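Participant: I have a structure here, written as structure tokens, and I will follow up with some questions on it.
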Amino acid sequence: MSSAQGIGASIKRKEDRRFLLGKGQYTDDITLPDQSYAVLIRSPYAAALIKKIDAAAALAAPGVLAVLTGDDVAADGLGGIPCGWAVKNKDGSNMVEPPHPGLAHGKARHVGDPVAMVVASSKALAKAAAKLVDIDYDVLPGCGRLPEATAEGAPLVWDQAPGNVCFDWHIGDAALTDAAFAKAAHVVELDLVNNRVAPNAMEPRAANGHYAAANDHYTLYTTSQNPHLTRLLLAAFTLHVSEHKLRVIAPDVGGGFGSKIFHYAEELLVLWASRRVGRPVKWTADRSEAFISDAHGRDHISKAQLAMDKDGKFLGLRVHTLANMGAYLSTFAPAVPTYLYATLLSGPYDFPAIYAEVKAIFTNTVAVDAYRGAGRPEATYLLERLVEKAARETGIDRVELRRRNLIQPSQFPYQTQVALQYDIGDYQATLDLALAKIDYAGYAQRHAASAANGKLRGIGMSTYIEACGIAPSALVGALGARAGLYEAANVRIHPTGSVTVFTGTHSHGQGHETTFAQLIADRLGVSTDNVEIVHGDTDRIPFGMGTYGSRSASVGGSAIVKALDKIVDKGKKIAAHLLEASVADIEFRDGAYRVVGTDRQKAFGEVAFAAYVPHNYPIDTVEPGLEESAFYDPKNFTFPGGTHFVEVEIDPETGVVEVVDVAIADDVGVIINPMIVDGQAHGGLAQGIGQALYEEVQYDADGQLSNGSYMTYCMPRAADLPMFKVGNHVTACTHNPLGVKGVGEVGAIGVPPAVINAVLDALAPLGVKDISMPATPEKVWRAIAAAKQGKGA
Amino acid sequence: MPTITLRVNRKNHTVECANSSLLVDVLREQLRLTGTHVGCDTSQCGACTVHVDGHSVKSCTMLAVEAQDAEITTIEGLADGNTLHPMQAAFQECHGLQCGFCTSGMVMSTTELVSRNPDPSEPEIRHWLEGNLCRCTGYHNIVRAVQTCARGSRGGTP
Ligand code: FES
Ligand code: FES
């Protein structure tokens with residue numbers, strides 16, 4: 001049984017049936033008795049003083065229960081939304097950490113900043129009444145973009161942040177890096193932008209708050225990736241009620257990609273409003289509201305320099321990055337362009353010297369925080385564009401240049417110049433596998449065939465690494481995290497041998513109900529049909545930190561394995577008693593306890609039954625029951641890596657880029673369910689290709705958003721993408737019991753530079769040297785036209 | 001508010017709703033058929049797709065009153081009792097869903113494709129899905145699911 005359903009088996013997902021039957025329960029699907037509805041009125045301006053809010057007409061409208069403003073938030077003593085990570089400046093001083101009230105108070109600081117909330121007995125009535133609220137704004141100049149926000153005299157988002165600087169941070173060794181550049185035979189320089197994108201989980205955010213006055217208890221249904229973190233922040237910082245009076249439920253959640261990690265104001269507001277109006281209050285974002293209220297991702301501007309010796313061996317890397325934080329600091333925002341970005345700048349390469357400076361900048365835009373990959377895609381994009389440029393400038397073949405610089409298997413554990421220690425990997429093996437999958441040797445033929453059809457063909461690659469399995473608590477604590485990042489599990493064996501697992505991670509598409517059940521099948525020999533995984537409800541699950549940073553299998557799965565070890569050990573004592581043998585002689589395998597060297601055995605189910613019906617039982621030394629909990633704090637990050645190849649065809653007449661082939665080889669560690677792992681890679685690839693070719697949130701210099709809907713923000717569609725060729729080469733993680741690394745983010749991390757490198761490869765014969773993401777038809781067409789003109793001149 | 005009768009999943013339902021109520025809102029809020037989802041406000045995502053007289057329709061683009069004389073099927077009405085519709089089964093078989101939010105729309109949309117074209121090519125499937133967004137799967141396994149279902153409906157091994 002364990003081989004058919006255990007680790008390595010592509011069993012079908014247990015959760016699918018309810019979704020396929022339309023019986024999933026997403027937050028907006030839940031309607032409570034006496035439900036009321038909230039609509040938020042948001043600032044249409046990037047920066048404006050809120051002079052007066054006249055709610056009289058709205059309050060008189062039918063069905064209206066309340067109109068609440070920033071004054072009410074302040075009067076009721078609600079706390080501001082906290083930031084979960086503190087980054088220090090170069091000089092050791094603290095970053096600027098401005099207040100973030102649940103509703104804007106006195107001043108609105110971005111388009112979409114919530115200014116007032118209308119609660120009514122129906123959504124339609126709340127929407128109608130919202131139109132009657134008269135808000136008098138004094139519009140101020142705003143700044144919506146990098147680098148304009150850093151210019152002399154730019155409008156200030158916060159008076160306490162001169163130059164709009166949130167922090168000015170660095171990592172690495174400047175002197176060592178200067179010395180490396182001094183002896184370089186060749187230096188490659190590149191300026192690049194990592195475009196701002198909107199996460200766009202298909203389920204818009206929603207929150208339904210219910211205060212029960214009779215027992216002074218709050219329940220929140222919310223679209224969250226981590227209900228316990230939300231509960232902790234509500235309790236300790238925003239709502240100010242103790243955890244035992246607060247239950248947070250993240251039911252089925254329709255995708256997250258990072259954007260549902262954070263504690264958002266609406267979660268606080270619906271609970272607070274429920275207390276005020278005496279009815280449950282539900283808020284659900286429209287898509288256009290999601291664009292102006294969900295935290296966005298990326299948004300960097302960087303200068304990078306690579307120093308090489310005459311043979312192309314990397315000597316040093318120097319990076320300067322501006323990172324947009326938005327107007328308020330979201331939960332993990334400061335960590336993204338620092339500890340999740342600059343620490344990854346060594347990539348899979350052996351770099352003797354690195355120095356990176358990161359300046360985080362406030363702008364009058366919605367917050368920027370973690371989005372699938374979070375920092376690691378930015379690092380990979382920078383490095384792989386730079387390495388590609390180096391290959392072009394030196395004339396060394398792109399594959400060969402990478403081979404000369406990849407960390408060798410014998411070098412692990414490998415200490416980088418930017419704080420991380422990679423435990424294991426085999427970057428040559430994934431490179432070789434990817435070369436085979438793309439049929440690199442046959443490329444010239446494909447190129448010729450495209451040319452014969454009047455198309456420009458290009459091939460691009462990236463060799464990447466990422467750090468996930470977030471994270472060792474003590475280490476991240478030393479780096480500024482204000483929370484621990486362990487995971488928790490409780491495994492309950494029922495008297496007749498079926499199993500319920502309570503996990504602190506959260507599944508919003510990842511398939512934990514299946515993969516975690518496989519861990520049980522593998523270890524205990526219990527069919528996955530007899531296992532249920534419970535997640536997402538703080539009243540049922542142990543205190544865990546949720547799902548992001550590809551942590552669920554490596555951290556959450558390890559917690560489950562630890563709990564299983566305790567179960568197996570306790571079972572041994574019971575089995576020894578039942579089999580009248582000594583514990584040392586009992587082994588557990590294939591779902592049964594055996595006396596070593598004999599055919600005497602007790603099935604796991606028999607031992608479980610004995611634990612709950614302890615008539616013949618070692619009651620003096622072993623407690624009845626079979627249920628164990630474990631917390632697991634990882635010893636290190638995990639380090640997936642690999643090689644991604646992309647081939648594109650460009651129509652020189654229209655500038656349209658078609659992705660014709662994608663072949664990747666990843667090392668994501670031990671694989672629990674190959675079908676699910678491939679699916680995770682596919683999804684990440686689509687988002688990465690989306691960033692490279694289609695997606696960009698566009699703010700103008702003043703902070704107005706010009707593309708906040710699906711009419712204007714280009715999402716990747718089925719016809720934009722090819723079938724993906726996905727391969728894996730496994731090196732087992734050395735420091736967690738499963739050997740797993742993580743797969744949720746690899747696609748979004750590895751592929752964007754491969755796409756752009758392919759586009760540039762296709763356009764190189766025309767003389768095009770640079771193009772920025774997203775490489776839209778217009779941009780490509782203009783680049784071709786400009787290159788032609790340049791040549792003609 | 002006017003009272004209208006809607007025939008949904010082979011049953012008649014009498015509901016009170018405003019003339020301006022969208023079909024999707026009546027399905028979700030009044031009939032509590034929450035398997036039909038809302039993913040956008042510009043009729044682009046397809047999460048709200050249902051069948052109206054056998055054709056896939058985005059239920060956010062139709063007023064409830066317009067649907068009065070029609071036979072409406074939602075995702076809840078697609079399976080035959082406990083037996084999944086072949087398209088639902090193919091989505092499970094091929095891992096064509098992750099978070100499940102786009103899934104009802106994907107299934108409702110592609111069942112119409114296969115009923116019209118029992119042997120759609122990969123480009124035809126991708127083109128057909130132009131009105132359905134998925135953020136999780138990269139469409140790879142959705143395309144495979146549709147191919148698998150179509151093969152099964154032609155009598156091949158699914
Ligand atoms: S909700 Fe109907 S198309 Fe998006
Ligand atoms: S499965 Fe999540 S949006 Fe398609």
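The values are calculated or read from the model by the stated rules, or taken from the named source; none is laboratory data. This is a predicted model, so every value here is computed, not measured. All Cβ positions, even for glycine, are placed from backbone atoms using ideal geometry, and neighbour counts span all protein chains on display.
Participant: Suppose the filter is within 14 Å of another protein chain (Cβ to nearest Cβ) and under 18 Å from A:Ala434 (Cα atoms); does A:Gly744 pass it? If you could, list the steps in order and put the result at the bottom.
Facilitator: Numbers: within 14 Å of another protein chain (Cβ to nearest Cβ): yes; under 18 Å from A:Ala434 (Cα atoms): no.
For A:Gly744, the condition - within 14 Å of another protein chain (Cβ to nearest Cβ) and under 18 Å from A:Ala434 (Cα atoms) - is not met.
Participant: Can you confirm whether segment A:728-739 contains a residue that is closer than 30 Å to A:Thr365 by Cα and part of a loop (DSSP other than H, G, I, E, B)?
Facilitator: Checked against the condition, which is being closer than 30 Å to A:Thr365 by Cα and part of a loop (DSSP other than H, G, I, E, B), segment A:728-739 yields no hits at all.
Participant: Specify the residue that is nearest to ligand 1 (Cβ to nearest atom); the eligible residues are those in segment A:236-249 that are in contact with a Gly (Cβ under 7 Å, 6 or more places away or on another chain) and either in a helix (DSSP H, G or I) or within 12 Å of chain B (Cβ to nearest Cβ) (or both).
Facilitator: The selected residue is A:Thr238.
Participant: Let me ask something else. Every residue in segment A:102-130 that is touching a residue at least 60 places away in the same chain (Cβ under 8 Å), assigned to a loop (DSSP other than H, G, I, E, B) and in contact with a helix residue (DSSP H, G or I) (Cβ under 9 Å, 6 or more places away or on another chain), please.
Facilitator: A:Gly102, A:Leu103, A:Ala104, A:His110, A:Val111, A:Gly112, A:Asp113, A:Ser122
Participant: Please tell me if A:Ala692 is at pLDDT 95 or above, out of contact with any strand residue (DSSP E or B) (no Cβ under 6 Å at 6 or more places or on another chain) and of a type in the set (Gly, Ala, Ser).
Facilitator: Values: at pLDDT 95 or above: yes; out of contact with any strand residue (DSSP E or B) (no Cβ under 6 Å at 6 or more places or on another chain): yes; of a type in the set (Gly, Ala, Ser): yes.
Against the criterion (at pLDDT 95 or above, out of contact with any strand residue (DSSP E or B) (no Cβ under 6 Å at 6 or more places or on another chain) and of a type in the set (Gly, Ala, Ser)), A:Ala692 qualifies.
Participant: List every residue pair whose Cβ atoms lie under 8 Å apart, where the two residues are 6 or more positions apart in sequence or sit on different chains, the first residue falls within segment A:56-77 and is free of Cβ contacts under 8 Å to residues at least 12 places away in the same chain, and the second residue, located anywhere, is in a loop (DSSP other than H, G, I, E, B).
Facilitator: none
Participant: Report the residue count in segment B:54-67 for those that are within 13 Å of chain A (Cβ to nearest Cβ) and either charged (D, E, K, R) or under 15 Å from B:Lys11 (Cα atoms) (or both).
Facilitator: 1
Participant: Tell me the residue from A:Asp666, A:Asp661 that is part of a strand (DSSP E or B), surrounded by 24 or more Cβ atoms within 10 Å (Cβ to Cβ) and among the acidic types (Asp, Glu), please.
Facilitator: A:Asp666
Participant: Ok, one more. Read through the list (1) within 16 Å of ligand 2 (Cβ to nearest atom); (2) under 30 Å from A:Asp311 (Cβ atoms), then give the number of the only condition that A:Ala179 fails.
Facilitator: Checking A:Ala179 against (1) within 16 Å of ligand 2 (Cβ to nearest atom); (2) under 30 Å from A:Asp311 (Cβ atoms), the one that fails is (1).
Participant: Hey, another quick one. Please count how many residues of segment B:39-56 are more than 11 Å from ligand 1 (Cβ to nearest atom) and either in the same structural domain as B:Ser109 (by TED's automatic domain parsing) or farther than 15 Å from B:Asp69 by Cβ (or both).
Facilitator: Total satisfying the criteria: 1.
Participant: Can you work out which of the residues in segment B:133-147 that are buried (at least 24 other Cβ atoms within 10 Å of the Cβ) and within 17 Å of B:His85 (Cβ to Cβ) is nearest to ligand 2 (Cβ to nearest atom)?
Facilitator: If we take residues in segment B:133-147 being buried (at least 24 other Cβ atoms within 10 Å of the Cβ) and within 17 Å of B:His85 (Cβ to Cβ), then B:Ile142 is nearest to ligand 2 (Cβ to nearest atom).
Participant: For B:Gly105, indicate whether it is touching a residue at least 40 places away in the same chain (Cβ under 8 Å), within 18 Å of B:Cys134 (Cβ to Cβ), in contact with a Gly (Cβ under 7 Å, 6 or more places away or on another chain) and within 16 Å of ligand 2 (Cβ to nearest atom).
Facilitator: So B:Gly105 fits the description; yes.
Participant: Taking interchain pairs and intrachain pairs at least six residues apart, which have beta carbon atoms under 7 angstrom, with the first residue in segment B:27-47 and polar (S, T, N, Q) and the second more than 16 Å from ligand 2 (Cβ to nearest atom) and assigned to a helix (DSSP H, G or I)?
Facilitator: Listed pairs, sorted by first residue: B:Thr34/B:Arg28; B:Thr36/B:Val24; B:Thr36/B:Leu27; B:Thr36/B:Arg28.
Participant: Give the residue that is surrounded by the most Cβ atoms within 10 Å (Cβ to Cβ), with candidates limited to residues of segment A:189-222 that are more than 16 Å from ligand 1 (Cβ to nearest atom) and in a loop (DSSP other than H, G, I, E, B). Outline the logic, then answer.
Facilitator: Step one: of segment A:189-222, the residues more than 16 Å from ligand 1 (Cβ to nearest atom) are A:189-197, A:199, A:207-222.
Cutting the leftovers down to in a loop (DSSP other than H, G, I, E, B) gives us A:195-196, A:199, A:216.
Values: A:Asn195: 20, A:Arg196: 24, A:Pro199: 21, A:Asp216: 10.
That would be A:Arg196.
Participant: Follow-up question, since we're still on this one. Return the only residue of B:Ser104, B:Ser121, B:Ser109 being surrounded by fewer than 23 Cβ atoms within 10 Å (Cβ to Cβ), at pLDDT 95 or above, over 24 Å from A:Glu745 (Cβ atoms) and not assigned by TED's automatic domain parsing to the domain that holds B:Gly35.
Facilitator: Going through B:Ser104, B:Ser121, B:Ser109 in turn, just one is surrounded by fewer than 23 Cβ atoms within 10 Å (Cβ to Cβ), at pLDDT 95 or above, over 24 Å from A:Glu745 (Cβ atoms) and not assigned by TED's automatic domain parsing to the domain that holds B:Gly35: B:Ser121.
Residue-wise test of (1) at pLDDT 95 or above; (2) outside any strand (DSSP E or B); (3) surrounded by fewer than 24 Cβ atoms within 10 Å (Cβ to Cβ).
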position: A:Arg275; (1), (2), (3): yes, yes, yes
position: A:Lys303; (1), (2), (3): yes, no, yes
position: A:Leu315; (1), (2), (3): yes, no, yes
position: A:Val319; (1), (2), (3): yes, no, no
position: A:Thr338; (1), (2), (3): yes, yes, no
position: A:Ser346; (1), (2), (3): yes, yes, no
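Participant: Could you list, in sequence order, all residues of segment B:22-40 that are more than 10 Å from chain A (Cβ to nearest Cβ) and over 18 Å from A:Leu21 (Cα atoms)?
Facilitator: Once the filter is applied, which keeps residues that are more than 10 Å from chain A (Cβ to nearest Cβ) and over 18 Å from A:Leu21 (Cα atoms), segment B:22-40 yields B:Leu22, B:Leu23, B:Val26, B:Gln30.
Participant: Please work out which residue is nearest to the chain's Cα centre (by Cα), limiting yourself to segment B:103-158 and to residues that are away from ligand 1 (no atom under 16 Å from the Cβ), within 13 Å of chain A (Cβ to nearest Cβ) and among the polar types (S, T, N, Q).
Facilitator: In this case the residue turns out to be B:Thr111.
Participant: For the structure I just gave you, tell me whether A:Arg13 is assigned to a helix (DSSP H, G or I), basic (Lys, Arg) and over 20 Å from A:Ala104 (Cα atoms). Even if it seems obvious, please write down each step before you answer.
Facilitator: Numbers: assigned to a helix (DSSP H, G or I): no; basic (Lys, Arg): yes; over 20 Å from A:Ala104 (Cα atoms): yes.
No, not satisfied.
Participant: What's the total number of residues in segment B:41-53 that are assigned to a loop (DSSP other than H, G, I, E, B) and within 12 Å of chain A (Cβ to nearest Cβ)?
Facilitator: Looking only at that region, the number is 8.
Participant: Among the residues of segment B:68-102, write down those that are away from ligand 2 (no atom under 16 Å from the Cβ), at the interface with another protein chain (Cβ under 7 Å from one of its Cβ atoms) and either of a type in the set (Asp, Glu) or not in a loop (DSSP other than H, G, I, E, B) (or both).
Facilitator: Residue satisfying the conditions is B:Glu76 alone.
Participant: Output the residues belonging to segment A:463-520 that are without any contact (Cβ under 8 Å) to a residue 60 or more places away in the chain, in the same structural domain as A:Gly6 (by TED's automatic domain parsing) and of a type in the set (Gly, Ala, Ser).
Facilitator: A:Ser498
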